[in-house]
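Q: Submitted below is the structure of interest, expressed as structure tokens.
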2 protein chains.
Amino acid sequence: MGVNSHRVEDFSSHNNGSLKISTEIPMPPTEAMEIHHVCLPPKKTTFQKLKHRLSEIFFPDDPLYRFKNQTWCKKLVLGLHFLFPIFQWGSEYNLSLFRSDIISGLTIASLAIPQGISYAKLANLPPIVGLYSSFVPPLVYSVLGSSKHLAVGPVSIASLVMGTMLSESVSPVEEPILYLKLAFTATFFAGLFQASLGFLRLGFVIDFLSKATLVGFMAGAAIIVSLQQLKGLLGIVHFTTKMQFIPVMTSVFEHRKEWSWQTIVMGFSFLLFLLTTRHISMKKPKLFWVSAAAPLTSVILSTLIVFCIKSKAHGISTIGHLQKGLNPPSANMLYFNGQYLALAIKTGIITGILSLTEGIAVGRTFASLKNYQVDGNKEMMAIGVMNMAGSCTSCYVTTGSFSRSAVNYNAGAQTAVSNIVLATAVLVTLLFLMPLFYYTPNVILAAIIITAVIGLIDYPAALKLWKVDKLDFLACACSFFGVLFISVPLGLAIAVGVSVFKILLHVTRPNTLVLGNIPRTQIYQSLNRYRETERVPSFLILAIESPIYFANSTYLQERILRWVREEEEWIKANHESILKCIIIDMTAVTAIDTSGIDMLCEMRKMMEKRSYQLVLVNPVGSVMEKLHQSKILESFGMNAFYLTVGEAVGDISASWKPQP
Amino acid sequence: MGVNSHRVEDFSSHNNGSLKISTEIPMPPTEAMEIHHVCLPPKKTTFQKLKHRLSEIFFPDDPLYRFKNQTWCKKLVLGLHFLFPIFQWGSEYNLSLFRSDIISGLTIASLAIPQGISYAKLANLPPIVGLYSSFVPPLVYSVLGSSKHLAVGPVSIASLVMGTMLSESVSPVEEPILYLKLAFTATFFAGLFQASLGFLRLGFVIDFLSKATLVGFMAGAAIIVSLQQLKGLLGIVHFTTKMQFIPVMTSVFEHRKEWSWQTIVMGFSFLLFLLTTRHISMKKPKLFWVSAAAPLTSVILSTLIVFCIKSKAHGISTIGHLQKGLNPPSANMLYFNGQYLALAIKTGIITGILSLTEGIAVGRTFASLKNYQVDGNKEMMAIGVMNMAGSCTSCYVTTGSFSRSAVNYNAGAQTAVSNIVLATAVLVTLLFLMPLFYYTPNVILAAIIITAVIGLIDYPAALKLWKVDKLDFLACACSFFGVLFISVPLGLAIAVGVSVFKILLHVTRPNTLVLGNIPRTQIYQSLNRYRETERVPSFLILAIESPIYFANSTYLQERILRWVREEEEWIKANHESILKCIIIDMTAVTAIDTSGIDMLCEMRKMMEKRSYQLVLVNPVGSVMEKLHQSKILESFGMNAFYLTVGEAVGDISASWKPQP
């Protein structure tokens, strides 16, 4: 055998990166060939490994790289920019940017004011809290936030969830003060949770709400919200406080006598108007202002109509008196002990996660459209601080809203100054315009909410999930039906469970492939997928497509034995040359644990008993290291590791040939 | 460029396994080379995929392969063998096998009788239930079980857990009948659960109790059990019913006045004797009978001593009167409604899982020593049926015991007949020998239990876990301290949580490597690990070592962008040739979901904006299929997929050269 096969000289000497090439001149494959060592990764202490691991977990984006090799003074300035992005873009701000920002700011204000009032009602809160929440948080965000296009304020999903969760325990009608206290407390905990996630760099937690889960969740929530609006749209007075599909539908038809035809006519007319404007803006993105201006137009029009026919319009309920003035402080209303504290914390965490997910997703979407980057963890801190500040100034949970940010983007917003303009517009409203809302009918708010949430139902995305990934579709369906028929937190929990189960399933039942050779090459690929591949006589070449863990080591052992058994049967049936060597391609075995190592040992012994040679090809660094640490490299021996399948086949089959 | 690069001709035509080789004669690498197509896997319908998937999940070992191509008559016989393994080995049974089995059966009987009585006390049950449980279950198992060496009966862990969980709600002293009912009911549910797992082929559930978890759990349980035995060993009468470390130790020292010196002297003498015999047998496995015979010897000796000095031995409590006779039926004692049903089901499921884990692990261990295979799912059904039958005949949870099976194996057991011999010996004891136990002191049972469980503490295994895998050690430590200080079910739950978290962590933060070329080869390996590798100018070659899922798509995107940024900085600093192409080696990306696909799309757009070419190498079948289904293959274009990194580098760098 004209081949150097001293590939593994001394494992214990831990020769970093040693790779010896035995023959200098490359020769045609399978005749005689270079054989390369499989080596251990560079040695690291446990502390170095831990440090590397932790920095990959918590600082994958190396957030402080700008600070490297800078003077102290420069570092201070960069630190200020890092903490308060306003200093970064503020110094370059100019009049032309301001012109863009003022237009977009006023546009989103015209949308934010009616939506604020509507969403507050969705959370069972007084309408004015919705306006308060559109004033302070945008100001805070404009100082701390790093997205240029995020329009901050109350959003439908978080409002709905807060409304549902709190009103299950406390009635907003019977105990309005307690309910308000709990809402502010939940907002505080939402902010605290968000800021902590960002500060502790645990932002990846929100990644566990996969897109599939969110598609289902949003569609379910949109349907629930729309059904809830039937109360306002039909003019029903006594309505269920439950959120599930069945009680809501029952309630709608049980109270048929309360239906008010004036309300219905007005509601459906404006709904039609709003949906038409939405349709126009969707068809022609340039006409974004049509749908952006529609809510305010509807509010003004409907208020005028009700004002004119007020003597005849008994059936139409209106918002009524709203107090003038700025946000009152509410730090004294936070509720840190007592029986409802757990409820407030739970509500805070769930609305916190949901609003964070929406805010970060929206921020990233528009950042990628304009090719700048948004740092997820920093954004979380900004949104968290904004909510904590909000909870002390009579605001409830806010985040970046998808619909308003899209309008903001289309209206040409350039910086977070558009949020300041929005806040100023809300300030003027709060100080001077509140009496104008006296005659605004509640039915118009219902129509605005329905129009806003209907965009959350994303059929094409669900259809694509079905086409591309059935298990993703299952997660989507679970969250949809869970939210619709069970409850919001449970629906979400089930969907996250399905998503995690999917990951575990892939690990528990990994693919194993039989490889064959593409003639005249060193390429080995799946026999089943590549028709040009050919079986290599006397070899069974398997590729394992997953880490080997406790959860799959038994399965893999059984599966490999079954491949061997099937190969033996096939050889018997086809009178082929007998099986001598089993090669396992470990390229995709990206990790191993102690159960996996035991499995490999066990497998080696079994193969030895059947007098087959077992060869491992291209184990990755961490696997090699663990095999070394558990001292089983020696039991595998010198000839059990190769760098490529080609070299393994060449060298082993050469060793079978009679010596010249 | 003398290279055929029409690798991806028409994705939508879905040409199965098409792989065209452009140049017929292999040429030296990097000059001009063959380029191979990346192709889609063979087309399958959703139904075929589902079928394949389900068969891999539930029938990975293809359990019915023996039935293929057989006559009906043969199939019937095979079916009988499949359901009742006794028919399989029974037909070949002979006298020489029987001689081995009778010796091993009597040996384990001498161990099983004192252990049975002891373990029943551990479960707070009357001692005789332990003997009943060593009679019926071994008989059932010998008909249904497929292991040749499993010795069936009560085991310490399951007894402990049942005792703990039930006595937290019902006192075995104050309500003995209710307690007994609950124990039988829990046994029934344990059996039902075990049999269902086997029948539904969900056996992989027990794989989630990883070896690391079990090492910690067993050590924790062994310490708890030993501490509990201080009651018997010190002769304390009033003892806590709690199981955690702190209350037990408090109880031991609070009742110092109850300590009885006679009991202590006798207890520690026999404990020393038992531990010495155990030590001898461990040093010399041939002397296994020394430790196997020691418990019965201790029982006989201590009974004789107490009998002789009975007038003076007031401090030594004895077993007392035991009823003669066979197992009474207990089907009428099963408890299927009422407030404790949930407790019984919960206890049943947890003891069921634990006893199943022990039974299957023991069965597999000895099967691999003798090179035969045990079908996990079939064993589960056997153990489940055995427990259901047991619950109707006054038995509590039983399984294959590790210590007794080891003795059985060493004593030369050949078939399950040794279990029949064991049952016969217990039968004789139950019918005739019960009065002999009247003077057996309880302290001897405590000593037997301590000796048995001390073997469960596996320091070397824990040390190895620490050396090889820190996260496995963490799971081990969690289950150890959880069991010791919190509670058995919670400790187990935490440990399983840690194990699953470990899998998720690997998926959430996968490795990405920068690859370089080994000169004069087509091998590309980690630059960091293989020193001989060299950077390829103008290329950045990355390998992703994990599936791309929702849980890591954001991370991977950030991480890849950081690699690109660092590469740009490095090039700037070293005045190297500029970066033109980014190659991602997808070999280890064994799956992708919709979030991952979106990430790849996004990445392609970003790279395009920076005018880098993005190339994917060797995507596996399922990834390729999903890229096709989501219709993004077209957006990647013809030149974005290669089968090997070598071909990608060769072809792309050739295309940059000016045309001749």
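The values are calculated or read from the model by the stated rules, or taken from the named source; none is laboratory data. Every value quoted in this text rests on a predicted model; they were computed, and no experiment measured them. Glycine also receives a Cβ, built like all others from the backbone with ideal geometry; neighbour counts cover every protein chain displayed.
Q: Given the conditions (1) in contact (Cβ under 8 Å) with a residue 12 or more places away in the chain; (2) surrounded by 18 or more Cβ atoms within 10 Å (Cβ to Cβ); (3) hydrophobic (A, V, I, L, M, F, W, C); (4) at the interface with chain B (Cβ under 9 Å from one of its Cβ atoms), report the number of the one that A:I503 does not fulfil.
A: Failing condition for A:I503: (1).
Q: From the list B:V237, B:V215, pick out the single residue that is in contact (Cβ under 8 Å) with a residue 12 or more places away in the chain, touching a Cys at 6+ places or on another chain (Cβ under 8 Å) and not polar (S, T, N, Q).
A: Going through B:V237, B:V215 in turn, the sole match is B:V215.
Q: While we're looking at this one, here's another question. Given the residues A:G191, A:G232, which is the only one that is in contact with a helix residue (DSSP H, G or I) (Cβ under 6 Å, 6 or more places away or on another chain), at pLDDT 85 or above and among the small types (G, A, S)?
A: A:G191
Q: Residues that are at positive phi, buried (at least 24 other Cβ atoms within 10 Å of the Cβ) and in contact with a helix residue (DSSP H, G or I) (Cβ under 8 Å, 6 or more places away or on another chain): does the range B:151-171 have at least one?
A: Checked the range B:151-171: at least one residue is at positive phi, buried (at least 24 other Cβ atoms within 10 Å of the Cβ) and in contact with a helix residue (DSSP H, G or I) (Cβ under 8 Å, 6 or more places away or on another chain).
Q: Regarding the range B:473-495, can at least one residue be identified that is farther than 29 Å from B:V248 by Cβ and not assigned by TED's automatic domain parsing to the domain that holds B:M607?
A: no
Every residue, every condition in (1) surrounded by 23 or more Cβ atoms within 10 Å (Cβ to Cβ); (2) modelled with pLDDT of 90 or more; (3) touching a strand residue (DSSP E or B) at 6+ places or on another chain (Cβ under 8 Å), yes or no:
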position: A:Y524; (1), (2), (3): yes, yes, yes
position: A:R531; (1), (2), (3): no, no, no
position: A:I548; (1), (2), (3): yes, yes, yes
position: A:S553; (1), (2), (3): yes, no, no
position: A:W563; (1), (2), (3): no, yes, yes
position: A:A573; (1), (2), (3): no, no, no
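Q: Quick one: in the range A:401-457, which of the residues that are farther than 19 Å from A:G232 by Cβ and in contact with a strand residue (DSSP E or B) (Cβ under 7 Å, 6 or more places away or on another chain) is surrounded by the most Cβ atoms within 10 Å (Cβ to Cβ)?
A: A:N419
Q: Next question, about the same structure. From the residues in the range A:271-300 that are among the polar types (S, T, N, Q) and under 29 Å from the mean Cα position of the chain (by Cα), which one is modelled with the highest pLDDT?
A: For the range A:271-300, the residue satisfying everything is A:S281.
Q: Please find, within the range B:266-285, the residue that is farthest from B:I444 (Cα to Cα) out of those that are of a type outside the set (F, W, Y) and in contact (Cβ under 8 Å) with a residue 60 or more places away in the chain.
A: Filtering the range B:266-285 for residues that are of a type outside the set (F, W, Y) and in contact (Cβ under 8 Å) with a residue 60 or more places away in the chain, the one farthest from B:I444 (Cα to Cα) comes out as B:P285.
Q: Among all residue pairs at least 6 apart or on different chains, which show Cβ distances below 9 Å where the first residue, located in the range B:548-574, is farther than 26 Å from B:I597 by Cα and the second is small (G, A, S) and surrounded by fewer than 21 Cβ atoms within 10 Å (Cβ to Cβ)?
A: Within 9 Å, the pairs are B:I571/B:S577.
Q: Select, from B:I592, B:I597, B:I582, the only residue that is in contact with a strand residue (DSSP E or B) (Cβ under 6 Å, 6 or more places away or on another chain) and within 12 Å of chain A (Cβ to nearest Cβ).
A: B:I592
Q: Check off (1) touching a strand residue (DSSP E or B) at 6+ places or on another chain (Cβ under 7 Å); (2) surrounded by fewer than 22 Cβ atoms within 10 Å (Cβ to Cβ) for A:K464 and give me the number that stays unchecked.
A: (1)
Q: What residue, among those in the range B:35-68 that are assigned to a loop (DSSP other than H, G, I, E, B) and among the charged types (D, E, K, R), is farthest from B:F641 (Cα to Cα)?
A: Ranking the qualifying residues of the range B:35-68, first place goes to B:K68.
Q: Got at least one residue in the range B:84-103 being assigned to a helix (DSSP H, G or I), exposed (fewer than 12 other Cβ atoms within 10 Å of the Cβ), at pLDDT below 85 and not assigned by TED's automatic domain parsing to the domain that holds B:P154?
A: Within the range B:84-103 (the criterion being assigned to a helix (DSSP H, G or I), exposed (fewer than 12 other Cβ atoms within 10 Å of the Cβ), at pLDDT below 85 and not assigned by TED's automatic domain parsing to the domain that holds B:P154), the answer is no, since none of the residues qualifies.
Q: For the range B:616-647, name all the residues that are assigned to a strand (DSSP E or B) and among the hydrophobic types (A, V, I, L, M, F, W, C).
A: Scanning the range B:616-647 gives B:L616, B:V617, B:F641.
Q: Here is a follow-up. Here's a check for you: in the range B:341-371, which residue that is of a type in the set (S, T, Y) and in contact with a Leu (Cβ under 7 Å, 6 or more places away or on another chain) is nearest to B:L182 (Cα to Cα)?
A: Per the criteria, the residue is B:T347.
Q: Would you pick out the residues in the range B:470-495 that are more than 10 Å from every other protein chain (Cβ to nearest Cβ) and of a type in the set (A, V, I, L, M)?
A: Selection gives B:L474, B:A477, B:V483, B:L484, B:I486, B:V488, B:L490, B:L492, B:A493, B:I494, B:A495.
Q: In addition: Report, by residue number, each residue of the range B:633-654 that is aliphatic (A, V, I, L, M) and more than 10 Å from every other protein chain (Cβ to nearest Cβ).
A: Passing the criteria: B:L633, B:M638, B:A640, B:V645, B:A648, B:V649, B:I652, B:A654.
Q: Only one of (1) under 18 Å from B:S391 (Cα atoms); (2) out of contact with any strand residue (DSSP E or B) (no Cβ under 6 Å at 6 or more places or on another chain); (3) crowded, with 23+ Cβ neighbours inside 10 Å fails for B:Y141. Which number is that?
A: (2)
Q: Ok, one more. Using the structure shown, decide if A:F481 is more than 25 Å from A:A212 (Cβ to Cβ) and of a type in the set (F, W, Y).
A: Here the answer is no, as A:F481 does not meet what is asked.
Q: Mind counting the residues in the range B:587-615 that are assigned to a strand (DSSP E or B), buried (at least 22 other Cβ atoms within 10 Å of the Cβ) and in contact with a Leu (Cβ under 9 Å, 6 or more places away or on another chain)?
A: Of the residues in that region, 1 qualify.
Q: With B:V428, B:V453, B:V443 as the choices, which residue is free of Cβ contacts under 8 Å to residues at least 60 places away in the same chain and either more than 17 Å from A:S595 (Cβ to Cβ) or away from chain A (no Cβ under 14 Å) (or both)?
A: Result of the check over B:V428, B:V453, B:V443: B:V428.
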